[in-house]
Amino acid sequence: VQLQASGGGLVQAGGSLRLSCKASGINFSIMPIGWYRQAPGNQRELVARITSDHSTNYADAVNGRFTISRDNVRRWVYLEMSNLGPEDTAVYYCHVNFRSSDYWGQGTQVTVSS
């Protein structure tokens with residue numbers, strides 16, 4: 001199983017970014033996929049999750065600002081982030097649980113300047 005995350009960067013407060021995660025080695029279309037983030041000194045937390053039938057859920061802190069989506073044909077999961085604030089600064093990871101094991105992408109840094 002491989003997850004490759006990309007799309008992070010430096011953005012000013014109020015700006016937008018789109019993160020992408022490419023999955024391989026799994027039956028992608030049936031797997032729920034999540035985006036997590038970890039800020040320095042904090043625990044890793046769930047940001048958004050999308051199921052195989054495109055049902056979504058979001059952390060309260062990002063609800064209304066972030067949108068998770070997936071392309072089952074191309075095996076991508078996306079996280080559209082808007083109205084970013086310094087509190088969104090973190091390393092973002094995509095995640096899948098497959099056969100009772102957790103798999104993580106390598107992480108992509110998002111830094112929001114005030």
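The values are calculated or read from the model by the stated rules, or taken from the named source; none is laboratory data. Predicted model only: the values in this text are computed from it and were never measured. Neighbour counts run over all protein chains shown; Cβ positions are idealised from the backbone, glycine included. Each accessible area value is taken on the protein alone, full model and side chains, heavy atoms only, with ligands, DNA and RNA left out. Shrake-Rupley method; radii C 1.70, N 1.55, O 1.52, S 1.80 Å.
Tell me, which strands (runs of 3 or more DSSP E) wholly within segment 20-62 include 2 or more residues that are touching a residue at least 40 places away in the same chain (Cβ under 8 Å) and buried (at least 16 other Cβ atoms within 10 Å of the Cβ)?
In segment 20-62, 33-38 are the strands (runs of 3 or more DSSP E) which contain 2 or more residues that are touching a residue at least 40 places away in the same chain (Cβ under 8 Å) and buried (at least 16 other Cβ atoms within 10 Å of the Cβ).
Before we move on, is VAL62 at pLDDT below 95 and either in contact with a helix residue (DSSP H, G or I) (Cβ under 9 Å, 6 or more places away or on another chain) or among the aromatic types (Phe, Trp, Tyr) (or both)?
So VAL62 does not fit the description; no.
Tell me which of these SER82 doesn't satisfy, since it passes every other one: (1) in contact with a Lys or Arg (Cβ under 7 Å, 6 or more places away or on another chain); (2) open to solvent by 50 Å² or more (accessible area, probe 1.4 Å).
Going through the list (1) in contact with a Lys or Arg (Cβ under 7 Å, 6 or more places away or on another chain); (2) open to solvent by 50 Å² or more (accessible area, probe 1.4 Å), SER82 breaks only (2).
In segment 85-114, which residue that is in contact (Cβ under 8 Å) with a residue 12 or more places away in the chain and among the charged types (D, E, K, R) is least open to solvent (accessible area, probe 1.4 Å)?
The residue in question is ASP88.
Out of ASP88, ASP60, ASP102, report the one residue that is closer than 27 Å to SER24 by Cβ, more than 11 Å from the chain's Cα centre (by Cα) and of a type in the set (Asp, Glu).
Step by step, each of ASP88, ASP60, ASP102 is checked, and only ASP102 is closer than 27 Å to SER24 by Cβ, more than 11 Å from the chain's Cα centre (by Cα) and of a type in the set (Asp, Glu).
I need the full set of residues from segment 63-72 which are within 19 Å of SER24 (Cα to Cα) and either in contact (Cβ under 8 Å) with a residue 60 or more places away in the chain or open to solvent by 30 Å² or more (accessible area, probe 1.4 Å) (or both), in order please.
Result: SER69, ASP71, ASN72.
Scan segment 73-85 residue by residue and report those that are more than 16 Å from MET31 (Cα to Cα) and in contact with a helix residue (DSSP H, G or I) (Cβ under 8 Å, 6 or more places away or on another chain).
Residue satisfying the conditions is MET81 alone.
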